[in-house]
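Data block below; observations after.
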Amino acid sequence: MASPITLSVVEPGPDAAERLERAEQVIRDVELNCSRFDPASALSRANLAPDQWHDVPATFAAVVAEAARAHRETAGLFDPRILEVLLAWGYDRSLPFAAGDVDRGPAAIPELSGPRRDAMVTPWRPEVVETAAGWRVHLGGTPIDLGGIGKGLAARWATAELDGAGLGFAADLGGDCAFGGVGPDGDGWRVGVEDPTGQAELVLVLDLTDTGCATSSTRLRRWRSGGVPVHHLVDPRTRRPGGDGLLAVTVVDPDPAWSEVWSKSVFLAGATDVRARAEELGLAAAWVRADGTVGTTTALDDRVVWRLGDV
């Protein structure tokens, strides 16, 4: 998943090791099926012929079905078909983002060179069916990227395996997280929200339990293509980097997969509209603007135990 993964259990019970092993297998199964960087994955094979039916494992079918639901419920703002934009910008392999200054070549990018254009997102209608022989998927004619929602679902399914392993448990899949029971200090889990400006280590500390949490940020996955700065949070309406004036959005939701979905779709509202959009949806959300200022919704405020600047 090109991310560090940590599974934790507080006060492990007698079957904790077995549950941890099952949780790890769940995560490996999602990666095996949904990595677009593995040519042998179910996703890579389906992407080679997105206008055809494919026999697929149940895990892949479940991820595609949930991605289709997310597309519908966000009115197209969550759109796995942005893969073709990422590929055009040179994100066709796992890139060394941590090294910084990644440049994917001199070619011009038409989507970035012309005037901005907002458009309706065409509906994405993949088909997922179960037959007597197993699961079949039709991607609807366009290759897709399932990286983000795949991580969120892996966190959902991994913590389902960890439930009961001890007094508390957590899964952190590179920022897509889920927490249950008590934390290491005997109360809730203390979760830090990183400062994407790099000026401080954290901007918030949250008190979470029995919930998911995900952050969509431009801090890491950004590069240059054709000399133009780009990042992976593409607005499907404009086919350009989204979230004008924002660096990161964090969403707390009972389901870690939907924390991921909402963090990405709300990020696209940009600094001007992010508060209104997050409040309209009733989300427990936080955001960091390009000027370093931090905002939170009223639904999140009760979970904040520390803010940058607190004395």
Once you list every other residue whose beta carbon is under 12 Å from the beta carbon of Ile27, what net charge do they have if Lys and Arg are +1 and Asp and Glu are -1? -3
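Quick one: net charge around Ala67, please, counting Lys, Arg +1 and Asp, Glu -1 for every other residue with C-beta under 15 Å from its C-beta. Kindly include the intermediate steps, with their values, before the conclusion.
On the way: positive: Arg36, Arg69, Arg72, Arg81, Arg125, Lys151, Arg156, Lys264; negative: Glu66, Glu73, Asp79, Glu127, Asp145, Asp176, Asp255, Glu260.
Neighbour charge sum, excluding Ala67 itself: 0.
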Mind listing the phi-derived Karplus ³J(HN,Hα) values for the stretch 195-203, rounded to whole Hz, using 6.51, -1.76 and 1.60 with θ = phi - 60°, and x for any glycine or proline? 7, x, 7, x, 7, 9, 6, 9, 10
Long-range HN-HN contacts of Leu202 with modeled amide H, under 5 Å: Asp195
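Using only the alpha carbon atoms of the stretch 149-206, find the Kirkwood hydrodynamic radius as the inverse mean reciprocal pair distance, in angstroms to one decimal. List each step's numbers first, then the result.
Working: mean 1/r = 0.0799 Å⁻¹.
Over the stretch 149-206, the inverse of the mean reciprocal pair distance is 12.5 Å.
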Ascending count of other beta-carbon atoms within 10 Å, so fewest first, for Val252, Val205: Val205, Val252
Computed from the coordinates I sent, Rg and Dmax of the Cα atoms in Å equals one of (1) 22.6, 93; (2) 20.8, 71; (3) 19.4, 63. Tell me the label. (3)
I want to make sure I understand the PRE zone here: with the label point 7 angstrom from the Cα of Glu11 toward its beta carbon, which residues in the stretch 152-191 have backbone N atoms less than 13 Å away? 164-169, 181-188
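Just from its helices, what would the mean residue ellipticity at 222 nm be for the chain, if runs of 4 or more DSSP H residues each count -39500 (n - 2.57) and the sum is divided by every residue, rounded to the nearest 500 deg cm²/dmol? The partial results should precede the final answer.
On the way: 9 runs with 95 residues, N = 311.
The helix contribution divided over the chain gives -9000 deg cm²/dmol.
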So for the pair Asp291, Arg72, with labels modelled 7 Å out along Cα→Cβ, what separation do we get in nm? 4.1 nm
Hey, can you grab everything whose amide H is under 5 Å from the amide H of Gly243? Only 5+ residues off in sequence or another chain; H modelled, so Pro and N-termini drop out. Gly270
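Excluding Trp223 itself, calculate the net charge of residues whose Cβ lies under 11 Å from the Cβ of Trp223, where each Lys or Arg counts +1 and each Asp or Glu counts -1.
On the way: positive: Arg104, Arg221, Arg222, Arg224; negative: Asp101, Asp103.
Overall, the nearby charge balance is +2.
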Phi-based couplings in Hz for the stretch 33-48 (Karplus 6.51, -1.76, 1.60; Gly and Pro marked x): 8, 10, 6, 7, 8, 9, x, 8, 5, 4, 5, 4, 5, 5, 5, 5
Contour minus end-to-end for Ala299 and Asp244, with contour as 0.36 nm per residue of separation and end-to-end as the Cα-Cα distance? 17.4 nm
Sorted on mean Cβ neighbours within 10 Å (highest first), peptides 186-193, 85-92 come out as 85-92, 186-193
Measuring from the lowest to the highest alpha carbon on each principal axis, how far does the stretch 185-311 reach, largest first, in angstroms? 51, 30, 22
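Assuming 0.36 nm per residue, please report the length gained on full extension of the stretch Glu18 to Arg93 beyond their Cα-Cα distance. Don't jump to the answer; show the numbers that get you there.
Numbers: separation 75, 0.36 × 75 = 27.00 nm, distance 3.39 nm.
Extra length available between Glu18 and Arg93 comes to 23.6 nm.
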Rank by packing, highest mean first: peptides 173-185, 3-15, with packing defined as the count of other Cβ atoms within 10 Å averaged across residues. 173-185, 3-15
Subtract the Cα-Cα distance of Ala276 and Gln52 from 0.36 nm times their separation in residues, and report this length gain in nm to one decimal. 76.6 nm
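No value in this document is a laboratory result; all are computed from the given coordinates. Just so it is clear, the structure is predicted and the values come from calculations on it, not from any experiment. Virtual Cβ from ideal backbone geometry, glycine too; neighbours counted across all protein chains shown.
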